[in-house]
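What follows is a short report on a single structure.
Computed from the coordinates by the stated procedures, all read-outs in this text should not be read as laboratory data. Model, not experiment: these values are computed from the prediction. Glycine also receives a Cβ, built like all others from the backbone with ideal geometry; neighbour counts cover every protein chain displayed.
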């Protein structure tokens, strides 16, 4: 009985180890949404707003210049601008301070813009997915705007 | 206490010395390492479940906590029912009791233990014998903290 159990433990632990090990081997370092949770994706800023309002590029540069942040996705819509970012591992203890600092900086530089700022992985993932859908499937701008609003609504959810 | 020790007969003293000699020392460090590793592994699985919910469902990092906890408790309940969790707990000790999976184990093991007493008085009455206090403490302390926060917000401190 004990021998069988030991065998079972070994089998379970080897299986768990192999699953994680092989999963690690299988992950390629592409920049797609498949790896957005694990790798730095650095997606290009996106502007789905009407012409004449294109701050996405400069906003991304501004946000990326913060030393605590390493991966930034910016989507500029008609009314709202979504900024999703990842915080460096050891800096994650100071998440709220970083968000406050970023909000202050953005409000000062772009007082007219309406920002939705999030460090949530899901929001980042959805931003990358939306960008992919626009580029690969040619999602029209009005639908893209609707999708952006959905992401912003998702960001507001607390429970 | 001092008087009692004085009354120990030479035979008793001899026996105590013999007992001390043969007593097994508790391997505290080894137990800690085991608990750390298994507890960490459980948390790793929890993180994977959390990412699963983030990736394939409409849950954010903030909202994925609830379904993750439910899933982990459900897993541990199944494992307890199949008799696997007992062996893990024997090996890992606190490493398997402290994470939320220990909560599922506490409910189901009590339910299994009292199954012979019937479904209502046995299972129903004793299911929360161990976990009930945890739930009560959690709910009550959350209530107190929420009350304090509400008062602080009302007074404009926060």
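A few points about this structure:
- Where a label projected 7 Å from the Cα of residue A:90 along Cα→Cβ would reach, residues of the range A:56-76 with amide N under 20 Å: A:65-71
- The label point for residue B:142 and the one for residue A:97, both projected 7 Å from the Cα toward the Cβ, are 3.0 nm apart.
- Helix B:10-22 axis, angle to chain B major axis (alpha carbon atoms, nearest 10°): 40
- GNM flexibility winner over chain B from B:70, B:142, B:94 (Cα, springs under 10 Å): B:142
- Angle in degrees between helix B:28-56 and the longest Cα principal axis of chain B, rounded to the nearest 10: 10
- Cβ-based exposure ranking for B:157, B:134, in which fewest neighbours within 10 Å come first: B:157, B:134
- Taken as Cα centroids, the range A:108-134 and the range B:103-154 sit 41 Å apart, rounded to the nearest whole angstrom.
- The range B:16-158: Cα Rg divided by the 2.2 N^0.38 Å rule of thumb: 1.38
- At R0 = 30 Å, FRET efficiency that the Cβ-Cβ distance of residue B:43 and residue A:113 yields, to 0.05: 0.15
- Other protein chain Cβ atoms within 10 Å, averaged over every residue that makes up B:61-68: 3
- Expected 222 nm ellipticity per residue - DSSP helices of 4 or more, -39500 (n - 2.57), all of chain B, to 500: -23500 deg cm²/dmol
- Residue A:57/residue B:152 FRET efficiency (R0 35 Å; Cβ-Cβ; nearest 0.05): 0.25
- Comparing B:126, B:58, B:31 in a Gaussian network model of chain B where C-alpha atoms under 10 Å apart are linked, the largest mean-square fluctuation is found at B:58.
- Efficiency of FRET between residue B:18 and residue B:86 - r from beta-carbon atoms, R0 30 angstrom, step 0.05: 0.30
- Helix B:101-113 and the longest principal axis of the C-alpha atoms of chain B enclose an angle of approximately 70°.
- Placing dummy labels 7 Å off each Cα toward the beta-carbon, the span from residue A:64 to residue B:25 is 5.8 nm.
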